[in-house]
Amino acid sequence: MRFDVITLFPELFAPFLEAGVARRAYASGQIVLKLWNPRAYAEGNYRRVDDRPFGGGPGMVMLAEPLARCLAAVQAERAGGAAPVVLFSPIGQTLTHAGVERWAAGAGAVLICGRYEGIDQRFIDRHVTHQISLGDFVLSGGEIAALALLDAVARLQPGVLGDEGSHHQDSFNPAVDGLLDCPHYTRPEVWDGVPVPSELLSGHHARIEGWRREQRLRLTARHRPDLIVAARAAGRLSAHDEVLLAQLGRGGPG
C-alpha cells in the first residue's frame, strides 16, 4: 500500500513516522509513504505556489499549475495505474470507520493537503477523484486530516497493534455492531475510593461480555442515539438489547 502526500509542510509528518504504533506500518513496509512539496514544481525565483483570488476577497489561493506538475510527477512514479486523488475539503464525505476500512483494504492514494483559502477549482475539477471531511469545522490545512486518515488506516494493518484483535473492539466497528466502545479499567482495583465493576473481576467470561454489551448500549444510547437507530435498522440488536434500551427510554417504534 502506498500513500503519496502533496503538502507544503512535509516536516509535519516526521514525528508521526517515528512514534506510536502507526510507525510499525511504515517501518515494516506495509505502508509506503512519500511526501511531495509542490513548491519544488513552481516556477520563478520565489517558487510561488499561491496568488490573490479573482473577484477579490481575503487570503490567497493555491495555484493549479505547481500542483498539477507535482501530481504528474507522483503519478509517473507510481506503479499499477492511476491512484485515487484525495482532497481534504469541507464539501467531502465525512470520514467514518467504514470509509477507513475501505481505504485500508485498497492500494493507497494520493493525498492533497490544501492551504490558504483553498485550491484553484480547475485543478480540483480536473484531477481530484475523492473529497473527504473530518467534520463540520475548518483546519488551517489538510495535513492534520491526512494524518488522521493515515493513522486510522495504519492501525488496521496486520501486526501493527500489539493485540491483533484490538481494533475489532473499537467504537463503530461492525464487530460491536457499530456501537460505541465500553468503559475500560485497570489496576488498582480501587482508586480514589471507586472500585472496578464487580463483573470485570468475576472471571466469568459470559458475565463480563454481558456487562460490556450493556455498557456499549448505554453509552451509545446516551451519546450517539443515531448509532442505535442504524444498528436497529441493520438488524444488529437482539431482543435482550431492546429490553435494555426500552428501560433506558430508547426503545424502537412499536
Inset, instruction - Tell me the helices (runs of 4 or more DSSP H) entirely within segment 204-254 that contain at least 3 residues that are farther than 22 Å from HIS184 by Cβ. - result: 225-233, 239-247
Inset, instruction - Confirm whether GLY44 is in a loop (DSSP other than H, G, I, E, B), at pLDDT below 95, at positive phi and open to solvent by 70 Å² or more (accessible area, probe 1.4 Å). - result: no
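If we keep just the residues of segment 164-195 that are of a type in the set (Asp, Glu) and open to solvent by 40 Å² or more (accessible area, probe 1.4 Å), which is modelled with the lowest pLDDT? If you could, list the steps in order and put the result at the bottom.
Filtering segment 164-195 for residues of a type in the set (Asp, Glu) gives 164, 170, 177, 181, 189, 192.
When the remaining residues are screened for being open to solvent by 40 Å² or more (accessible area, probe 1.4 Å), the result is 164, 189, 192.
Numbers: GLU164: 56, GLU189: 96, ASP192: 97.
Here the answer is GLU164.
Residues are listed down the side, and each one gets a yes or a no for (1) outside any helix (DSSP H, G or I); (2) touching a residue at least 60 places away in the same chain (Cβ under 8 Å); (3) in contact with a helix residue (DSSP H, G or I) (Cβ under 6 Å, 6 or more places away or on another chain); (4) within 20 Å of GLU143 (Cα to Cα):
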{"site": "PRO53", "(1), (2), (3), (4)": "yes, yes, no, no"}
{"site": "GLY57", "(1), (2), (3), (4)": "yes, yes, no, no"}
{"site": "PRO66", "(1), (2), (3), (4)": "no, no, yes, yes"}
{"site": "VAL74", "(1), (2), (3), (4)": "no, yes, no, yes"}
{"site": "GLY81", "(1), (2), (3), (4)": "yes, no, no, no"}
Inset, instruction - Hey, can you tell me all the residues within segment 84-113 that are more than 14 Å from the chain's Cα centre (by Cα) and exposed (fewer than 14 other Cβ atoms within 10 Å of the Cβ)? - result: PRO90, ILE91, GLY106
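Quick one: which of ARG218, ARG224, ARG232, ARG213 is within 26 Å of HIS97 (Cβ to Cβ), open to solvent by 40 Å² or more (accessible area, probe 1.4 Å) and under 20 Å from the mean Cα position of the chain (by Cα)? Don't jump to the end; show me each part of the working.
Numbers: ARG218 fails: under 20 Å from the mean Cα position of the chain (by Cα); ARG232 fails: under 20 Å from the mean Cα position of the chain (by Cα); ARG213 fails: under 20 Å from the mean Cα position of the chain (by Cα).
Of the residues listed, the single one that is within 26 Å of HIS97 (Cβ to Cβ), open to solvent by 40 Å² or more (accessible area, probe 1.4 Å) and under 20 Å from the mean Cα position of the chain (by Cα) is ARG224.
Quick grid of which residues meet (1) out of contact with any Leu (no Cβ under 8 Å at 6 or more places or on another chain); (2) modelled with pLDDT under 95; (3) open to solvent by less than 50 Å² (accessible area, probe 1.4 Å):
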{"position": "LEU12", "(1), (2), (3)": "no, no, no"}
{"position": "ASN37", "(1), (2), (3)": "no, no, yes"}
{"position": "GLY57", "(1), (2), (3)": "yes, yes, no"}
{"position": "VAL74", "(1), (2), (3)": "yes, no, yes"}
{"position": "ALA82", "(1), (2), (3)": "yes, yes, no"}
{"position": "ARG115", "(1), (2), (3)": "no, no, yes"}
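Which of the residues spanning segment 14-35 are under 21 Å from ALA83 (Cα atoms), surrounded by fewer than 17 Cβ atoms within 10 Å (Cβ to Cβ) and free of Cβ contacts under 8 Å to residues at least 60 places away in the same chain? Even if it seems obvious, please write down each step before you answer.
Just the residues of segment 14-35 that are under 21 Å from ALA83 (Cα atoms), to begin with: 25-26, 29-35.
Restricting the remaining residues to those that are surrounded by fewer than 17 Cβ atoms within 10 Å (Cβ to Cβ) gives 29-30, 32, 34.
Passing the criteria: GLY29, LYS34.
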Inset, instruction - Identify the single condition in (1) modelled with pLDDT of 95 or more; (2) under 30 Å from PRO38 (Cβ atoms); (3) under 20 Å from the mean Cα position of the chain (by Cα); (4) open to solvent by 80 Å² or more (accessible area, probe 1.4 Å) that VAL128 does not satisfy, given that it satisfies every other one. - result: (4)
Inset, instruction - Looking only at segment 171-184, decide whether some residue is in contact (Cβ under 8 Å) with a residue 40 or more places away in the chain and touching a Gly at 6+ places or on another chain (Cβ under 8 Å). - result: yes
Legend entry - Test set (1) at pLDDT 95 or above; (2) under 19 Å from the mean Cα position of the chain (by Cα) - GLY20 fails condition number: (1)
Inset, instruction - Having 2 or more residues that are of a type in the set (Val, Ile, Thr) is the bar; report the strands (runs of 3 or more DSSP E) wholly within segment 84-162 that clear it. - result: 85-94, 108-112
Inset, instruction - May I ask you to say which residue of SER140, SER198 is among the hydroxyl-bearing types (Ser, Thr, Tyr), under 19 Å from the mean Cα position of the chain (by Cα) and either open to solvent by 30 Å² or more (accessible area, probe 1.4 Å) or at pLDDT 95 or above (or both)? - result: SER140
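The values are calculated or read from the model by the stated rules, or taken from the named source; none is laboratory data. Bear in mind the structure is a predicted one, so any value in this text is a computation, not a measurement. No Cβ is skipped: glycine too gets one built from the backbone with ideal geometry, and neighbour counts run over all protein chains shown. Areas reflect the complete protein model, heavy atoms only, side chains present, ligands, DNA and RNA absent. Shrake-Rupley method; radii C 1.70, N 1.55, O 1.52, S 1.80 Å.
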